[in-house]
Each structure stands twice: as structure tokens, then as C-alpha cells.
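Enquirer: This is the structure, below, for whatever I ask next.
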Amino acid sequence: MSTQPLKDLSTLVSLAKRRGFVFQSSEIYGGLNSCWDYGPLGAQFKLNVKMTWWKAMTRRPEIVGLDAAILMHPQVWKASGHVDGFSDPLVDCKACKNRFREDHAQKKDGKTQCPRCGSLETTEAREFNLMFKTHMGPVADEGNTVYLRPETAQGIYVNFENVASSMRKKIPFGIAQIGKSFRNEITPGNFIFRTREFEQMEMQYFVKPGTDEEWFNTWKETRWNFYKTLGFNQDKLRFHEHVGNELAHYAKAAFDVEYEFPFGWSELEGIHNRGDFDLSQHQKFSGKKLEYFDEANKEKYLPYVIETAVGCDRLALAILCDAYREEGEDKDKRVVLGLKPQLAPIKVAFLPLSKKEELQSLSQKIYADFAEDYEVDYDESGSIGKRYRRQDEIGTPLCVTIDFDSLEDQKVTVRHRDAMTQDRVSLDQLKTYVDHKLREF
Ligand code: GAP
């Protein structure tokens, strides 16, 4: 049977809308550029992505979680370097008025070329700060400016002392956080890849200076293995090392994990050795000592930080792109999202073969029983073939069909998404069977 991967992003955007994963924000008003809403299936899927990351991080004895506020003291962003340095070079095209990032454009004869119309007549680049500003309280003036955080990491650094002392953590230890970040991107785009409001999943690992390079390598490997266990096609993942002026102002070393999206290789996650840049800056700006005292060796030092930072929306997009496949031809064609069960928004769908009362009541009883333990769906409309296709397209690993024989023999048919094989299973064995099968994907 022929199998085709995803060829273009628009195919996925249309599936996402049709099946309730992602909608354009404020669509009935014409939409708001680069803002997206997660529909019923998308919201569950995104929650699964977050839980998978959260478990991978916090189910280790030395990593704990945090949920810091989006609004922070404005001095935080002075200390972090974002007020002065978090900007992109903005250029205007004099011919077509397109606005774009100089560092994303091609050069021709030493001049910047407009990516839209190809003109070489452009303005000089000027630095544009990416932080969104707002005001705290009823009066909007310079004195009460606050920023929507452009990264979650700073909430972790300013709580370093609180977490270490309340949780009695000894170095090395990590703090993980999931939360919204905001960047006034000049050129957002590619669906949920680059947006102005997005969620980040960041982990800061505090280590003794001198052990940082080893920990950096360990985290590179750990994160690579994370993507492996999510079932990613290994040929579509690679590392990209940041060198020279690619390095962010805080980084001693940095690698991106890149994924080959339909629009090309692009950053999925950043792994950074941030040295003691952040803690020393916050120590300087706040006047509070943030040194760590190592009881065992009677040493005091400012820890170094190894950071792993991935966008939840971007990871969700990569997972969907990677999982999408088309099988077969013409009328036998089916679209499948080959999601790992832990990521699939629905684990089991219950499909009564007919709408007859007695079949419905048995089906609803089984459905309610499973709903206590799994995300489940119930669908009784359309032909059984169409219902299977609908579940394939949203990545449901197992479908349970209840037919008239079920009323007699207390057995149901379980259909496997990938192999499309079917097993007849007794109702009293169904949970054990499903549990076992879901682990096999
Ligand atoms: N704390 C470090 C930091 O924020 P980053 O490389 O700027 O590093 C980390 O961002 C990750 O956050 C990126 O690899 C990407 O997955 C995600 N991300 C950054 N900007 C984004 C945007 N505008 N839209 C969606 N995701 C974004």
C-alpha cells in the first residue's frame, strides 16, 4: 500500500480546522493575524503534549515545577538584557512597503533584497524591541510600564532562592515551567510555528561551574531521546550549533534541535549553556545574594545554568506534521494521524453499529465506564467506514464497535488504527485489552 507523508502545511491547516484542532482567532471578525485558538481536540492534544513534557522533566528526583506570573517587576527585563537587547533588525521596502527582518532576507550586490517584491530599495535597518508593553493600574504613563514576558525562564531565575530553600534542593537541580510568552514578532507565520502569543516549556538546570559542559552534553542527549520516544521520524530531526553572532547575549554555547517542517528545517528547541549570566545579573540588579552554599565542600558559588526551551505550539505543530500520512489511493484513500496514544486527543472511540435503543444503552454504559480512565469519543452517525476514517484522521488508536451480537455474547469488536486489524473481545476483558494495546503503539 502506498503511503505519503505531509506535503504542504495548508493540508494540515485545513485538517486542523475541519476536525476541531485549531481555528483562526476571532475568525468571525476576519481573524487576528498570527493568533490561533485550540478547538476541542486541539486543547486536549496540547494538554497531552504539555503533560508528556512535564512528566519527562518533573518525574526525576532533582527537578521540580513552577508556575510564575506573566507580569514581572520591570527591572527583571533590565537585568535580563531584554529591554536593551531583545530586538530584531526591521527594514521597510520602499517599493512595496513590505516590512521584514533584515536577518531573514537575502543580500544582492551587498544590498538587502525585499523577500516579497525583490526590490533592493530598502530603508536602513532599525532595532525593534519585541517585548509587548502594557500598564499596571488605571493610568497609562511611563512610570507604570510593565511587559508581557517574552520568555518564561526569568520567572525561574528570580525564584531560584525560594525554590532551593523551600524544596531543600542541592545542586545539581532543575526547575521546569510551562507558560505563555509574548513576542511582538515582525514576521510571524507558518500557522502555529511563529506567533506573537505562544506557550513555552522551559527547564533551567543549576550546576556547579566547571561541570556545565558535561551537563550541557547530557541534556542534549536527554532531549534527543525525548523526541525519539515521541515517535519522531529520526531523519527529520537534527542538531544545529550556534556559532559567532548567532549566539544569544546570554549564551556560552547553544544547540537547536531542528525539525524538517514542510517549509524547511527550522528550530524546534533551544539548548543553552547560560553560564552564570542570569543569576549574576539578578544579583546585581536586585541587590540580593543569589550564591549557593555547598555544605559538603564548604564552598560558595553562583551556579551555572543549562537551559532547555521548547515552544509547546511549535512542538504540537511538529508532532502533527510528523504524524500525518495518507494511505492508499482514490476511494480507498485514508488520512491517518499516527500519534502515540499518550498524545492522541481521543484514546478510544465507541461506535454502536445502529441507533437502536438497546444498542445505544449498552454502548453508553461502556463509554461511561471508560470515560473515567481515558479520553473517549462516542459516535453513532454515518456509515461505520466513515466513522473509522474520521477517527483515523484525528489519531484515535482504537475504535470499539458494538453490534447486535454484543447484546447476546457480551463481546465487542476492537479495531486497530494502524494495522486496521480487528479483535473480538469480551466486555469483562476490555479494559485490560485496551490498556495493553495502547502500550504497544
Ligand atoms: N529562554 C530561552 C528562550 O526563550 P528561544 O530560542 O528564544 O529561547 C525557545 O525560544 C523556544 O520557544 C523556541 O525554540 C521555540 O520553540 C519557541 N518560540 C520562540 N519564539 C516563538 C514564537 N514567536 N512562536 C512560537 N514559538 C516560539
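Enquirer: Filter the stretch 217-246 for residues that are exposed (fewer than 15 other Cβ atoms within 10 Å of the Cβ) and in contact with a helix residue (DSSP H, G or I) (Cβ under 6 Å, 6 or more places away or on another chain) and give the result.
Expert: Selection gives ASN233 alone.
Enquirer: Out of (1) over 21 Å from GLU202 (Cα atoms); (2) over 25 Å from the mean Cα position of the chain (by Cα), the odd one out for ASP88 is which?
Expert: (2)
Enquirer: For residues that are out of contact with any Gly (no Cβ under 9 Å at 6 or more places or on another chain) and in contact (Cβ under 8 Å) with a residue 24 or more places away in the chain, scanning just the stretch 238-249, find the one that is farthest from ILE186 (Cα to Cα).
Expert: The first filter runs over the stretch 238-249 and keeps only residues out of contact with any Gly (no Cβ under 9 Å at 6 or more places or on another chain), leaving 238-241, 243-247.
The next check asks that each one be in contact (Cβ under 8 Å) with a residue 24 or more places away in the chain; those that pass are 238, 240.
Numbers: ARG238: 26, HIS240: 23 Å.
So, considering only residues that are out of contact with any Gly (no Cβ under 9 Å at 6 or more places or on another chain) and in contact (Cβ under 8 Å) with a residue 24 or more places away in the chain, the one farthest from ILE186 (Cα to Cα) is ARG238.
Enquirer: Further, regarding this structure: Could you check the stretch 113-198 for strands (runs of 3 or more DSSP E) lying wholly inside it with 1 or more residues that are within 16 Å of the ligand (Cβ to nearest atom), touching a strand residue (DSSP E or B) at 6+ places or on another chain (Cβ under 8 Å) and closer than 30 Å to THR211 by Cα? First the steps, then the outcome.
Expert: Details: elements: 126-129, 133-135, 145-147, 173-182.
Qualifying strands (runs of 3 or more DSSP E): 173-182.
Enquirer: How do the strands (runs of 3 or more DSSP E) wholly within the stretch 331-379 filter down when requiring 2 or more residues that are in contact with a strand residue (DSSP E or B) (Cβ under 6 Å, 6 or more places away or on another chain), at pLDDT 95 or above and not hydrophobic (A, V, I, L, M, F, W, C): which remain? Explain how you work it out, then say what you get.
Expert: Values: elements: 334-337, 348-352, 376-378.
Filter on the stretch 331-379 gives 376-378.
Enquirer: What are the residue pairs meeting all of these: first residue in the stretch 254-278, first residue more than 22 Å from GLN204 (Cβ to Cβ) and at pLDDT 95 or above, second residue more than 9 Å from the ligand (Cβ to nearest atom) and of a type in the set (Asp, Glu), Cβ atoms under 8 Å, and 6 or more apart or on different chains?
Expert: Pairs that qualify, where the first residue is more than 22 Å from GLN204 (Cβ to Cβ) and at pLDDT 95 or above and the partner is more than 9 Å from the ligand (Cβ to nearest atom) and of a type in the set (Asp, Glu), are TYR259/ASP322; GLU260/ASP235; PRO262/ASP8; TRP265/GLU258; SER266/GLU258.
Enquirer: With a cut-off of at least 1 residues that are under 33 Å from the mean Cα position of the chain (by Cα) and more than 13 Å from the ligand (Cβ to nearest atom), name the strands (runs of 3 or more DSSP E) lying wholly within the stretch 282-328. Steps first, please.
Expert: Working: elements: 292-294, 299-301, 304-311, 324-327.
Output list reads 292-294, 304-311, 324-327.
Enquirer: Evaluate the stretch 239-257: report whether one residue or more is under 30 Å from GLU440 (Cα atoms), out of contact with any Lys or Arg (no Cβ under 6 Å at 6 or more places or on another chain) and away from the ligand (no atom under 11 Å from the Cβ).
Expert: yes
Enquirer: Need the failing condition index for VAL146 against (1) closer than 20 Å to MET72 by Cα; (2) not assigned by TED's automatic domain parsing to the domain that holds ALA68, just the number.
Expert: Of everything listed in (1) closer than 20 Å to MET72 by Cα; (2) not assigned by TED's automatic domain parsing to the domain that holds ALA68, VAL146 misses just condition (2).
Enquirer: Something else: Out of all the residues in the stretch 202-217, is one or more closer than 28 Å to CYS321 by Cβ, touching a residue at least 12 places away in the same chain (Cβ under 8 Å), hydrophobic (A, V, I, L, M, F, W, C) and part of a strand (DSSP E or B)?
Expert: Within the stretch 202-217, one or more residues are closer than 28 Å to CYS321 by Cβ, touching a residue at least 12 places away in the same chain (Cβ under 8 Å), hydrophobic (A, V, I, L, M, F, W, C) and part of a strand (DSSP E or B).
Enquirer: If you don't mind, another one. Given the criterion free of Cβ contacts under 8 Å to residues at least 40 places away in the same chain and either in contact with a Cys (Cβ under 6 Å, 6 or more places away or on another chain) or among the aliphatic types (A, V, I, L, M) (or both), identify the matching residue among ALA105, ALA164, ALA153, ALA176.
Expert: Details: ALA164 fails: free of Cβ contacts under 8 Å to residues at least 40 places away in the same chain; ALA153 fails: free of Cβ contacts under 8 Å to residues at least 40 places away in the same chain; ALA176 fails: free of Cβ contacts under 8 Å to residues at least 40 places away in the same chain.
Only one candidate qualifies: ALA105.
Enquirer: Inside the stretch 389-441, can you point out the residues that are free of Cβ contacts under 8 Å to residues at least 12 places away in the same chain and among the hydroxyl-bearing types (Ser, Thr, Tyr)?
Expert: Once the filter is applied, which keeps residues that are free of Cβ contacts under 8 Å to residues at least 12 places away in the same chain and among the hydroxyl-bearing types (Ser, Thr, Tyr), the stretch 389-441 yields THR421, THR432.
Enquirer: Related question: Could you list, in sequence order, all residues of the stretch 1-38 that are without any contact (Cβ under 8 Å) to a residue 24 or more places away in the chain and outside any loop (DSSP other than H, G, I, E, B)?
Expert: SER10, SER14, LYS17, ARG18, PHE23, GLN24, GLU27, ILE28, TYR29, ASP37, TYR38 - these are the residues of the stretch 1-38 that are without any contact (Cβ under 8 Å) to a residue 24 or more places away in the chain and outside any loop (DSSP other than H, G, I, E, B).
The values are calculated or read from the model by the stated rules, or taken from the named source; none is laboratory data. This one's a predicted model, so the numbers in the text were calculated from it and none came from an experiment. Quick reminder, even Gly has a Cβ in these numbers, built from the backbone with ideal geometry, and neighbours come from all protein chains shown.
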